[in-house]
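K.L.:
Take this structure first; my questions come after.
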Amino acid sequence: MKKVKYILSIYIIVGVISSCAKQLDVKNPNQPVPESAYTEAGIIALSQGGIYRNGFINLKYSDGVYGFFWSGAIGFHEMMGDAIQVEAANAFINQIGCPDKVTLDNGTVILNPNAPNTQKALIRLINTNSNQGQNTLFYEWAYMYAMIKACNSILETADKATFLSEAATKKATIQAWAYWWKGFAYSRIGSIYYAGIINNDPNGTNGNYVTKEAIIAESNKQLDLCATTLNTVTSTTAYNEVFGKLVPSFCQVGKGGILTVDMWKRNVNTLKARNILVNTPASSMTPQQWASVLTLTNAGILAADKVFTGRSNTAGDFLSPTSGTVASKVQNVLAGGNTYKLSERFVQEFKTGDKRLANNISQTTTWIGNGDRGQAFNTRYRLINKGNGMAGVKVYTNTDAGAEEIFLAGSYEENDLMKAEALINTGSIEAGLLLIDVVRNSQGAGLTAVAGTSLTLAQAKEELRRERRVALPFIGLSFYDARRLGIINPVSQGGGRTGAVVISGSGGVNTNATIEYNFLDYWDVPDNELVYNPPVSGSAPVKNPK
């Protein structure tokens, strides 16, 4: 067993240097030996490839339908958050986002037609190692632990690497990079799995499974290490030189680019605020937690800051122009024409007159999918590629190479909407509404301001909920919000969605339907891991008791 783990670890490290595409700045591709990583060029190549390739693209299993991390693993989140739906059955994706029950306007009840008929039962049925790549739970776990393993290798190698000049600053920049991405990876693990492993070994792992709360704490620890390491940077020139080589050049446009040390620290604060917000039921947030979110977001990403972004290029080195993101796999000339289908409930969130709706979404012939796979995915709407050309209005997708920008971690909009939510929930409703208006204006929504309109607390919360849906779509936040707001809970426990727009199998438009999702809030640890790395005595439970 130890030998198997060791071989897999070496595969990951060597793969960083040998498999990165040409436009990622990887040196000596024909000499993928450990010694090549101990040079300045080698450690930078290892640091870049370990994240952009091993962390987001290279896995033993993949599929043309659900694809890589930003189109596949993130797609699962967007399905469960009901921003998109899907009919294809690859890796059971049509069932991951299929609600348990839909009640139409006339009282007709439509149950999940996919045996075993509930998402929770499905997860327990498919979560076996024998399913290999057909186990939906495998993907995010595998991607993020590949990233963590690569970061461990980066940290170990950085200690031995030789730099041409300004060694202390260059080493600190690379170490901060590894700590940042470890924090990111643990954030994603702790935000979707019921338990996880904390691993600092570049050549192995351990069987000590800890709670999701411990994983989030580890995420915050790594993010703090990133910030404190940045405090040791003394040469701006050397820092910029290294950072400029860590991020692929085609991702250094728009909001992407070389972050200053202070910008990077603000990115850290935004991600730490997310860790609190998305992993706590909104009804359970304490005054202390709201205060922490407010403190972090007040020191979080600013409108002019550079952030960590992803872009496509012609070669598809990191993101394919036509299938590298969730949004690119939604857009089509017809509703339902692509892998992912635009959810009627997502379109329902837009307020009347929102230019983001006019610029990005149009109604076409109603698409009706296979009834034996559910009816929640039926839709009248399509996502418009490149938008409608409305100046100054946010565009959700553009399949021209290099034209689409996605946020890999936090963004100014997410930071301000988290700040707005904290303000609204701590008695400063008007200040929170003002930030919602600021975000809408920044995206060209063209909506009348809601600040100063004397909204109640409940109305302000609804404005915030809807705005998060349409301002931050297709990047993996939709399910987090549905979970923390209780929407995925059974209707009997105050969950579900009422007043929902649903297209029935006959094409009828229902405007007051009730959807009972009843989804599992945190996934069990994938059996793909447990078979080869069983829990040791004292480990936390690896299966969600719900």
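The values are calculated or read from the model by the stated rules, or taken from the named source; none is laboratory data. Since this is a predicted model, take the numbers as computed values, not measurements. Positions of Cβ are generated from backbone atoms using ideal geometry, with glycine treated the same way; all protein chains shown enter the neighbour counts.
Rundown of residues vs (1) of a type in the set (Asp, Glu); (2) assigned to a strand (DSSP E or B); (3) more than 27 Å from the chain's Cα centre (by Cα); (4) surrounded by fewer than 18 Cβ atoms within 10 Å (Cβ to Cβ), yes/no style:
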{"residue": "ASN489", "(1), (2), (3), (4)": "no, no, no, no"}
{"residue": "GLY495", "(1), (2), (3), (4)": "no, no, no, no"}
{"residue": "THR498", "(1), (2), (3), (4)": "no, yes, no, yes"}
{"residue": "ALA513", "(1), (2), (3), (4)": "no, yes, yes, no"}
{"residue": "ASN518", "(1), (2), (3), (4)": "no, no, no, no"}
{"residue": "PRO534", "(1), (2), (3), (4)": "no, no, yes, yes"}
{"residue": "PRO541", "(1), (2), (3), (4)": "no, no, no, yes"}
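K.L.:
Would you confirm whether or not the stretch 318-336 contains a residue that is crowded, with 20+ Cβ neighbours inside 10 Å, more than 20 Å from the chain's Cα centre (by Cα) and either of a type in the set (A, V, I, L, M, F, W, C) or modelled with pLDDT of 95 or more (or both)?
P.N.:
Scanning the stretch 318-336 turns up at least one residue that is crowded, with 20+ Cβ neighbours inside 10 Å, more than 20 Å from the chain's Cα centre (by Cα) and either of a type in the set (A, V, I, L, M, F, W, C) or modelled with pLDDT of 95 or more (or both).
K.L.:
Given (1) over 16 Å from CYS151 (Cβ atoms); (2) under 22 Å from the mean Cα position of the chain (by Cα); (3) part of a helix (DSSP H, G or I), where does ASP262 come up short, assuming only one miss?
P.N.:
Every listed condition holds for ASP262 apart from (2).
K.L.:
Now, a different point. Quickly run through the stretch 218-249 and pick out the residues that are over 30 Å from ALA315 (Cβ atoms) and of a type in the set (Phe, Trp, Tyr).
P.N.:
Of everything in the stretch 218-249, nothing turns out to be over 30 Å from ALA315 (Cβ atoms) and of a type in the set (Phe, Trp, Tyr).
K.L.:
Might you check whether a residue that is farther than 30 Å from ILE515 by Cα and at pLDDT below 95 occurs anywhere in the stretch 380-398?
P.N.:
Looking for residues that are farther than 30 Å from ILE515 by Cα and at pLDDT below 95, one finds none in the stretch 380-398, hence no.
K.L.:
Oh, and also: I'd like to verify a number: residues in the stretch 418-427 that are closer than 25 Å to LYS182 by Cα and aliphatic (A, V, I, L, M), how many?
P.N.:
Looking only at that region, the number is 1.
K.L.:
Select from the stretch 153-173 the residues that are in contact with a strand residue (DSSP E or B) (Cβ under 8 Å, 6 or more places away or on another chain) and buried (at least 18 other Cβ atoms within 10 Å of the Cβ) and list them in ascending order.
P.N.:
The answer is ALA161, and nothing else.
K.L.:
Please work out which residue is farthest from GLN95 (Cα to Cα), limiting yourself to the stretch 358-374 and to residues that are in contact (Cβ under 8 Å) with a residue 60 or more places away in the chain and surrounded by fewer than 20 Cβ atoms within 10 Å (Cβ to Cβ).
P.N.:
Top of the filtered list is THR366.
K.L.:
For the stretch 247-259, what are the residues that are assigned to a helix (DSSP H, G or I) and crowded, with 20+ Cβ neighbours inside 10 Å?
P.N.:
Hits for the stretch 247-259 are PHE250, CYS251.
K.L.:
Would you mind stating whether ASN200 is polar (S, T, N, Q), farther than 23 Å from TRP523 by Cβ, modelled with pLDDT of 95 or more and part of a loop (DSSP other than H, G, I, E, B)?
P.N.:
Taking the combined requirement at face value, the residue satisfies it.
K.L.:
Return yes or no: is ALA217 modelled with pLDDT of 95 or more, more than 18 Å from the chain's Cα centre (by Cα) and crowded, with 21+ Cβ neighbours inside 10 Å?
P.N.:
no
K.L.:
Further question: Look through PHE377, PHE407 and report the one residue that is in contact (Cβ under 8 Å) with a residue 24 or more places away in the chain, under 23 Å from PHE69 (Cβ atoms) and surrounded by fewer than 22 Cβ atoms within 10 Å (Cβ to Cβ).
P.N.:
PHE407
K.L.:
Turning to a different aspect of this structure: Give the residue, chosen from ALA195, ALA227, that is at pLDDT 95 or above, in contact with a Pro (Cβ under 7 Å, 6 or more places away or on another chain) and over 27 Å from LEU464 (Cα atoms).
P.N.:
ALA195
K.L.:
Name the residues in the stretch 440-462 that are surrounded by fewer than 23 Cβ atoms within 10 Å (Cβ to Cβ) and in a helix (DSSP H, G or I), would you?
P.N.:
ASN441, SER442, LEU457, ALA458, GLN459, LYS461, GLU462
K.L.:
Tell me the residue from GLU414, GLU421 that is outside any loop (DSSP other than H, G, I, E, B), acidic (Asp, Glu) and over 18 Å from ALA83 (Cα atoms), please.
P.N.:
GLU421
K.L.:
Let me ask another. If a residue has to be without any contact (Cβ under 8 Å) to a residue 40 or more places away in the chain and over 15 Å from ALA172 (Cα atoms) to count, how many in the stretch 234-264 make the cut?
P.N.:
1
K.L.:
Consider the stretch 277-292. How many of its residues are over 25 Å from GLY495 (Cα atoms) and surrounded by 15 or more Cβ atoms within 10 Å (Cβ to Cβ)?
P.N.:
1
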